[in-house]
Amino acid sequence: MDAQHRLWVRFRAPDGSVGFGTLHDGQIAEHRGDMFAAPQPTGRFVALDGAKLLRPMQPGKVVALWNNFKALGDKLGLSAPPEPLYFLKAPNSFADPGDAILQPRDKGKVIYEGELAIVIGERASGVAEHDALAHVFGYTCVNDVTAAEVLNRDATFAQWTRAKGHDGFCPLGPAIATGLDAARLVVRTTLNGELRQDFPISDMRFTVAQLVSLISQDMTLEPGDAILCGTSIGVGSMKPGSDVAIEIEGIGALRNRYVARD
């Protein structure tokens with residue numbers, strides 16, 4: 001971490017108002033303006049324990065990586081791809097910290113995937129790798145939830161959008177951390193308090209700068225958009241009642257419960 005390390009959050013205050021700001025010793029220092037463009041403090045402080053944390057940004061799109069970690073790729077017998085392999089998560093899947101992840105109507109197997117999310121802070125279109133980090137605002141935690149049985153149900157068409165796009169299948173948060181070196185981060189996922197994933201971001205096949213640069217050649221990345229870096233060994237299924245936490249030091253812990261559909 002460096003001197004610019006901050007934790008940015010969006011929140012709903014006890015009076016019902018929605019705002020954003022930075023975390024300081026159990027309080028949120030509210031800011032005004034645009035989180036990604038010189039926001040200014042309002043002077044108002046809101047107690048964290050009295051606020052509801054929301055997903056820390058409102059993405060226009062979420063780009064998610066496949067086969068981006070060497071350890072998992074080796075386990076699955078997958079060679080390194082020559083370029084990032086990615087799909088999109090649907091906006092209806094975006095969820096807040098603490099929100100319930102609702103069981104799909106077909107009640108098939110659903111898995112958790114702890115990941116690091118890159119949050120874009122400056123518009124990126126066709127950027128060079130050496131300039132890419134200037135377009136990154138910070139990082140947050142994500143659970144890339146997947147309806148596993150849906151993905152390859154049809155042998156003629158892998159259903160990434162459907163498997164990854166159910167309501168609530170992309171919790172994000174609890175904060176966006178700035179001033180971090182992503183290569184030094186470690187993702188830890190617990191299921192009902194038991195450690196299931198513990199993997200370093202340094203094992204990525206493509207660096208943060210490479211991901212931002214290469215994806216921006218295909219599509220313009222806007223402030224608030226996120227790139228999910230992919231997951232590694234230890235993904236597993238959830239049962240109704242399961243509590244899942246994705247924790248990254250310097251960012252915090254994203255906690256959600258998987259609940260049965262009536």
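Side notes on the structure shown:
- Flag set for residue 63, criterion: within 26 Å of residue 208 (Cβ to Cβ), surrounded by 12 or more Cβ atoms within 10 Å (Cβ to Cβ) and β-branched (Val, Ile, Thr).
- The range 1-41, residues that are more than 18 Å from residue 252 (Cβ to Cβ), touching a strand residue (DSSP E or B) at 6+ places or on another chain (Cβ under 9 Å) and assigned to a strand (DSSP E or B): 18, 19, 30, 31, 32, 33, 39, 40, 41
- Residue in the range 192-221 that is farthest from residue 67 (Cα to Cα), counting only those that are of a type in the set (Gly, Ala, Ser) and exposed (fewer than 15 other Cβ atoms within 10 Å of the Cβ): 193
- Filter pass, residue 17 being loosely packed, with under 13 Cβ neighbours inside 10 Å, touching a Gly at 6+ places or on another chain (Cβ under 9 Å) and small (Gly, Ala, Ser): no
- Meets criteria (modelled with pLDDT of 95 or more and crowded, with 19+ Cβ neighbours inside 10 Å) for residue 224: yes
- Selection within the range 138-179 - surrounded by 22 or more Cβ atoms within 10 Å (Cβ to Cβ) and under 22 Å from residue 122 (Cα atoms): 138, 139, 140, 141, 142, 172, 173, 174, 175, 176, 177
- Selection from the range 130-162 of residues that are over 25 Å from residue 213 (Cβ atoms) and touching a Pro at 6+ places or on another chain (Cβ under 7 Å): 143, 147
Per-residue answers, yes or no, for (1) closer than 23 Å to residue 243 by Cβ; (2) in contact (Cβ under 8 Å) with a residue 60 or more places away in the chain; (3) in a loop (DSSP other than H, G, I, E, B):
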site: 127; (1), (2), (3): no, yes, yes
site: 130; (1), (2), (3): no, yes, no
site: 133; (1), (2), (3): no, yes, no
site: 140; (1), (2), (3): yes, yes, no
site: 150; (1), (2), (3): no, no, no
site: 155; (1), (2), (3): no, no, yes
site: 161; (1), (2), (3): no, yes, no
site: 166; (1), (2), (3): yes, yes, yes
site: 171; (1), (2), (3): yes, yes, no
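The values are calculated or read from the model by the stated rules, or taken from the named source; none is laboratory data. Bear in mind the structure is a predicted one, so any value in this text is a computation, not a measurement. Positions of Cβ are generated from backbone atoms using ideal geometry, with glycine treated the same way; all protein chains shown enter the neighbour counts.
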